[in-house]
Amino acid sequence: MAKKEIATFEELQETLNRLNNPGALLVAGKEKSNPMTIGWGSVGIIWGRPIFAVLVRPSRFTHGLMESWPEFTVNIPSLEMDKIVNFCGTKSGRDVDKIAECKLTLEPGHKIEVPSLAECPIHYECRIVHKNNVIPSELINEITSEFYPSGDFHTVYFGEILGVYRNK
Ligand SMILES: Cc1cc2nc3c(=O)[nH]c(=O)nc-3n(C[C@H](O)[C@H](O)[C@H](O)COP(=O)(O)O)c2cc1C
């Protein structure tokens, strides 16, 4: 189904609800795009721009893709897509073609070179304007021991939201 552009924060509540459960699908990579489930992210305003910040661990295949091309899409799945969200959050693009396995359809970006997922009713198109690694010495112990027992500290990618699209 074709999508139309909507106001940047129009679907913020739905976006945060889905991100929290079951997760959203981050697509990265221009030549070979790969979907990865994310459960963490932050939408807000920084540097006078709307920003979608996502956190990707260096061990993810997606991390290399984020480093190879400075754009990404965040795709908000429908409730029926739980199995796909789980698959994309447990399998790596290093080993499987998740687009083919999940029978997902890539749609060219409107404002960026990275595609979105046609099956997701909402998507965000973002260009990376800043990135930063989580600094272990600056993190409280409680979070370090809960989320980083083996290191693999996330890189935080700050994506300026260039467009938000929703099914007509
Ligand atoms: C619900 C859920 C949320 C997740 N959130 C994140 C996240 O925010 N950041 C991250 O690096 N990995 C997250 N993961 C793990 C990755 O999705 C998972 O390791 C995936 O297989 C990596 O795919 P890739 O190697 O193709 O990049 C999450 C997994 C699930 C199931």
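The values are calculated or read from the model by the stated rules, or taken from the named source; none is laboratory data. Not measured: the values here are computed from a predicted model. All Cβ positions, even for glycine, are placed from backbone atoms using ideal geometry, and neighbour counts span all protein chains on display.
Does residue 147 fit the bill of being within 12 Å of the ligand (Cβ to nearest atom), surrounded by fewer than 20 Cβ atoms within 10 Å (Cβ to Cβ), touching a residue at least 40 places away in the same chain (Cβ under 8 Å) and over 20 Å from residue 29 (Cα atoms)? Working first, answer last.
Details: within 12 Å of the ligand (Cβ to nearest atom): yes; surrounded by fewer than 20 Cβ atoms within 10 Å (Cβ to Cβ): yes; touching a residue at least 40 places away in the same chain (Cβ under 8 Å): no; over 20 Å from residue 29 (Cα atoms): yes.
Spelling it out, it is not the case that residue 147 is within 12 Å of the ligand (Cβ to nearest atom), surrounded by fewer than 20 Cβ atoms within 10 Å (Cβ to Cβ), touching a residue at least 40 places away in the same chain (Cβ under 8 Å) and over 20 Å from residue 29 (Cα atoms).
With the condition kept exactly as written, say whether any residue in the range 78-93 is crowded, with 22+ Cβ neighbours inside 10 Å, closer than 21 Å to residue 135 by Cβ and of a type outside the set (Asp, Glu). Checking the range 78-93: not a single residue is crowded, with 22+ Cβ neighbours inside 10 Å, closer than 21 Å to residue 135 by Cβ and of a type outside the set (Asp, Glu). Restricted to the range 1-44, and to residues there that are within 16 Å of the ligand (Cβ to nearest atom) and at pLDDT below 95, the residue that is farthest from the chain's Cα centre (by Cα) is 31. Pairs are defined by a Cβ separation below 8 Å, a sequence spacing of at least 6 or placement on different chains, a first member in the range 93-104 that is within 18 Å of residue 80 (Cα to Cα) and more than 11 Å from the ligand (Cβ to nearest atom), and a second member that is part of a helix (DSSP H, G or I) and of a type outside the set (Phe, Trp, Tyr); the pairs so defined are 102/84; 102/88; 104/84; 104/98.
Restricting attention to the range 13-27, report how many residues are of a type outside the set (Lys, Arg) and surrounded by 14 or more Cβ atoms within 10 Å (Cβ to Cβ). Don't jump to the end; show me each part of the working.
Quick first cut of the range 13-27, residues of a type outside the set (Lys, Arg) only: 13-17, 19-27.
Checking the rest, the ones that are also surrounded by 14 or more Cβ atoms within 10 Å (Cβ to Cβ) come to 15-16, 19, 22-27.
Count: 9.
Restricting attention to the range 105-116, the residues that are more than 16 Å from the ligand (Cβ to nearest atom), within 21 Å of residue 64 (Cα to Cα) and not in a loop (DSSP other than H, G, I, E, B) add up to 1.
Give the number of residues within the range 45-77 that are more than 8 Å from the ligand (Cβ to nearest atom) and either on the phi < 0 side of the Ramachandran plot or modelled with pLDDT under 95 (or both).
Pass one, the range 45-77, residues more than 8 Å from the ligand (Cβ to nearest atom): 45-53, 58, 64, 66-77.
Those left that are additionally either on the phi < 0 side of the Ramachandran plot or modelled with pLDDT under 95 (or both): 45-46, 49-53, 58, 64, 66-77.
Residues meeting the conditions: 21.
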